[in-house]
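Written below as structure tokens is the structure these notes are about.
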Amino acid sequence: MGERIENHIILDCKPAGQKIQITVDGKKIPAYDGEPILSALLAAGIKINRYTVKRHEPRGLFCGIGQCTDCAMVVDGIPNVRTCITPAHDGMVVETQDGLSKEVRHDS
Ligand code: FES
């Protein structure tokens, strides 16, 4: 289920931060303090971050560098947070987003 790489022949894959918990759509999942929220989501098998406005199609990891908004979610009540570049912290509340808020709605 999880997609976290724990051992790699070349790269050091040990997470830098302390083990924490975040809540995603009401469910607690493990994460590491400071890792991108999206890393914790993928490790927990969560691949859908938001749905488009017009067709209600699922979106998830695309660019991974904060450019496309496909990973946008509501984080601690704030919409349009790009989870691929936003660090996780203990107790964070993350929700799947339905569309984009008016400020960035241009591609949905
Ligand atoms: S995956 Fe493109 S902004 Fe996060």
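The values are calculated or read from the model by the stated rules, or taken from the named source; none is laboratory data. Please read all numbers here as calculations on a predicted model, not as lab measurements. Counting neighbours? That spans all protein chains shown, and the Cβs are built from the backbone with ideal geometry, glycine included.
Within the group Thr86, Thr23, which residue is within 11 Å of the ligand (Cβ to nearest atom) and closer than 24 Å to Ile5 by Cα? First the steps, then the outcome.
Values: Thr23 fails: within 11 Å of the ligand (Cβ to nearest atom).
The match here is Thr86.
Looking at the range 53-62, is at least one residue more than 21 Å from Glu6 (Cα to Cα), of a type in the set (A, V, I, L, M, F, W, C), surrounded by fewer than 17 Cβ atoms within 10 Å (Cβ to Cβ) and touching a strand residue (DSSP E or B) at 6+ places or on another chain (Cβ under 9 Å)?
Scanning the range 53-62, I find at least one residue that is more than 21 Å from Glu6 (Cα to Cα), of a type in the set (A, V, I, L, M, F, W, C), surrounded by fewer than 17 Cβ atoms within 10 Å (Cβ to Cβ) and touching a strand residue (DSSP E or B) at 6+ places or on another chain (Cβ under 9 Å), so the answer is yes.
Asn80 - would you say it is touching a Gly at 6+ places or on another chain (Cβ under 6 Å), within 12 Å of the ligand (Cβ to nearest atom) and of a type outside the set (A, V, I, L, M)? So that I can check it myself, show each step before the final result.
Numbers: touching a Gly at 6+ places or on another chain (Cβ under 6 Å): no; within 12 Å of the ligand (Cβ to nearest atom): yes; of a type outside the set (A, V, I, L, M): yes.
Taking the combined requirement at face value, the residue does not satisfy it.
Within the range 71-108, can you find the residues that are at pLDDT 95 or above and among the charged types (D, E, K, R)?
Asp76, Arg82, Asp90, Glu95, listed by residue number.
Among the candidates Ile65, Ile29, Ile46, which residue alone is surrounded by 15 or more Cβ atoms within 10 Å (Cβ to Cβ) and part of a loop (DSSP other than H, G, I, E, B)?
Details: Ile65 fails: surrounded by 15 or more Cβ atoms within 10 Å (Cβ to Cβ); Ile29 fails: part of a loop (DSSP other than H, G, I, E, B).
None of the others qualify; the one that does is Ile46.
What's the total number of residues in the range 27-73 that are at positive phi and near the ligand (Cβ under 7 Å from one of its atoms)?
Let us first name the residues in the range 27-73 that are at positive phi, namely 34, 45, 56, 64, 66, 69.
Checking the rest, the ones that are also near the ligand (Cβ under 7 Å from one of its atoms) come to 64, 66, 69.
Residues flagged as at positive phi and near the ligand (Cβ under 7 Å from one of its atoms) within the range 27-73 amount to 3.
If a residue has to be in contact with a Pro (Cβ under 9 Å, 6 or more places away or on another chain), closer than 17 Å to Glu35 by Cβ and surrounded by 18 or more Cβ atoms within 10 Å (Cβ to Cβ) to count, how many in the range 83-97 make the cut?
4
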